[in-house]
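Undergrad: My questions will all concern the structure given below.
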Amino acid sequence: MGILNRTPDSFYDRGAYWDVNSFLLRAQQLVDEGADLLDVGGVKAGPGPEVGEQEEMDRVVPAIELIRQRFDLPVAVDTWRASVAAAAFDAGAVLGNDISGFADDQYLPAAARAGASVVATHIRLAPRIPDPQPDYADVVTEVSDFLLDRAGQAAAAGLSRERIILDAGLDLGKTAAQSVALLRASDRLAGHGYPLLLSASNKTFIGRLLDLDIDRRGNASLAAAALGVALGCRIVRAHDVRGTRRVCHLLAAIMEA
C-alpha cells in the first residue's frame, strides 16, 4: 500500500506532494516501484490546523479521480469521515482506511452501500487529539478486543469477512514500547482470521527507540515490515514501496521454500 498524502503538513513529506503535478508524479513513482494499492489521505492523523469536511473532500476526491484515470490500481481513502469516504467511493475508491475505529456511525453503512472494504484501526482517543500518556492494563489484549468489536460492527453492517481488515494502530495512542508490543504480537492479531495491515513506516516509535530523525528511519521501517510480515501482516502501508516490496518478496520466497 503506497502512501499518497494530499496534505500541506504531512509528518513525513511536509507537503512535498501538495501540488497536483507533484502528487501525480509521486503516484507514478509508487506505481513504478510496484505498489498494489494507493492510499490517499487529505488530513494528517496528528494535531494540526482544523481541516473542514468540504476542504478534505476538495483535497482527496479530485485526487482519487485523477489517479483512477491514470492508473489501473485499486485506491483507498484515508479518512475517518463517512461523508468523505462516500464521496471517495463514488470517485472510485474501494477501501476506507479509517484510523478512528468507525467513530462516525455512518461510515460502515456508506462502505456497505458502495461494496467497499474497510480498515478497522485501534486508537485510544481520536484522530488529531494528543495522547501523551496512554495507559493500558494489557495493550495487546485491549487492542485485540477493540479490533474484534469493530470487525463485528462491520459484519453487522453487511460487510463480508474478507472485506474487513484489522490494523493495530501503531503510534495512535501508544508509547513506543506499546507499539513494539503490538508489532511483536502481530501473529496473535493475524490469528483472528482477518487480513492484518501494518502501518509502521517512518513512525514515531521507530524514531524514539533508535533516536532517529524522520529522514533516517528508512532501514528500520523495512526491518519492522519484515517482522510484521513474518508474523502474519499481509498488507504493508509504506512510503518506500520498492524496498518494502523486496522485503515481502524475500520473505515469501523463504516461507515457500
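Undergrad: Compute the Cα gyration tensor for the range 126-257, then decide on rounded, prolate or oblate, letting a ≥ b ≥ c be the square roots of its eigenvalues: rounded whenever a/c is under 1.5, prolate when a/b is larger than b/c in the other cases, and oblate in all that remain.
TA: Oblate, since a/c reaches 1.5 and b/c is not below a/b.
Undergrad: Let me ask something additional. Ordering Val94, Val236 by how much accessible area each has at a 1.4 Å probe, largest first, what is the list?
TA: The ordering from most to least exposed comes out as Val94, Val236.
Undergrad: Additional query: On a 1.4 Å probe surface of the protein chains, which of His122, His249 comes out largest in accessible area, and what is the full order?
TA: Final ranking, largest accessible area leading: His249, His122.
Undergrad: Next question, about the same structure. Tell me the mean residue ellipticity at 222 nm calculated for the chain from its helices only (DSSP H runs of n ≥ 4, each -39500 (n - 2.57), averaged over every residue, nearest 500).
TA: Numbers: 10 runs with 117 residues, N = 257.
Helices in the chain give a 222 nm mean residue ellipticity of -14000 deg cm²/dmol.
Undergrad: By how many nm would the segment from Leu37 to Ala223 lengthen if fully extended, with 0.36 nm per residue of separation less the alpha-carbon distance?
TA: Details: separation 186, 0.36 × 186 = 66.96 nm, distance 2.10 nm.
Taking Leu37 through Ala223 to full extension adds about 64.9 nm, to one decimal.
Undergrad: Additional query: When the chain is treated as a GNM, springs tying every alpha-carbon pair under 10 Å, which of Gly218, Gly52, Gly92 comes out with the largest mean-square fluctuation?
TA: In this elastic network of the chain, the residue with the biggest mean-square fluctuation among Gly218, Gly52, Gly92 is Gly52.
Undergrad: If you roll a 1.4 angstrom probe over the protein chains with everything in place, what fraction of the accessible area of the chain belongs to carbon and sulfur, to the nearest %?
TA: Carbon and sulfur atoms account for 50 percent of the accessible area of the chain.
Undergrad: Provide the per residue accessible area, probe 1.4 Å, for the chain, rounded to a whole number of square angstrom.
TA: Numbers: 11370 Å² over 257 residues.
Counting only protein heavy atoms, the per-residue value for the chain is 44 Å².
Undergrad: Give the Rg (one decimal place) followed by the Dmax (whole number) of the range 31-111, computed from C-alpha coordinates and expressed in Å.
TA: Computed over the Cα atoms of the range 31-111, radius of gyration and Dmax are 12.4, 37 Å.
Undergrad: May I ask you to order 162-170, 200-208, 104-112 by the average number of other C-beta atoms within 10 Å around their residues, highest value first?
TA: Details: 162-170: 23.6, 200-208: 21.4, 104-112: 19.2.
Averaged packing, sorted descending, gives the order 162-170, 200-208, 104-112.
Undergrad: For Arg113, Arg59, Arg184, what's the largest-to-smallest order of accessible area, 1.4 Å probe?
TA: Arg113, Arg184, Arg59
Undergrad: From the P(r) of the chain, can you give the percent of Cα pairs sitting at distances over 35 Å?
TA: Here the long-distance tail beyond 35 Å is 7 percent of all Cα pairs in the chain.
Undergrad: Given contacts defined as C-alpha pairs under 8 Å and at least six residues apart, what's the relative contact order of the chain, whole-number percent?
TA: After rounding, I find 16 percent.
Undergrad: Follow-up question, since we're still on this one. Taking K and R as +1 and D and E as -1, what net charge do the other residues with C-beta under 13 Å from the C-beta of Ala151 add up to?
TA: Local charge sum for Ala151: -2.
Undergrad: Continuing with this model, one more query. Excluding ligands and nucleic acids, what accessible area in Å² is computed for Leu66 using a 1.4 Å probe, to the nearest 10?
TA: Roughly 50 Å² of Leu66 is accessible to a 1.4 Å probe.
Undergrad: Along the principal axes of its C-alpha atoms, what lengths does the range 55-160 span, in descending order and rounded to whole Å?
TA: Taking the Cα atoms of the range 55-160, the three principal extents are 48, 31, 23 Å.
Undergrad: With a point put 7 Å past each Cα toward its Cβ, work out how far Glu256 is from Gln29 in nm, to one decimal.
TA: Label-label distance for Glu256 and Gln29, simple model: 3.0 nm.
Undergrad: For Arg242 and Glu65, what does the FRET efficiency come to when R0 = 22 Å and r is the distance between their Cβ atoms, rounded to the nearest 0.05? Display every interim value, and only then the final one.
TA: On the way: r = 26 Å, r/R0 = 1.19.
After rounding to 0.05, the efficiency reads 0.25.
The values are calculated or read from the model by the stated rules, or taken from the named source; none is laboratory data. A quick note: this is a predicted structure, and the numbers were derived from the prediction, not measured. Methodologically, a virtual Cβ is constructed for each residue, glycine included, from the backbone with ideal geometry; neighbour enumeration extends over all protein chains shown. These area figures cover heavy atoms from the full protein model, side chains too; ligands, DNA and RNA do not enter into them. Shrake-Rupley method; radii C 1.70, N 1.55, O 1.52, S 1.80 Å.
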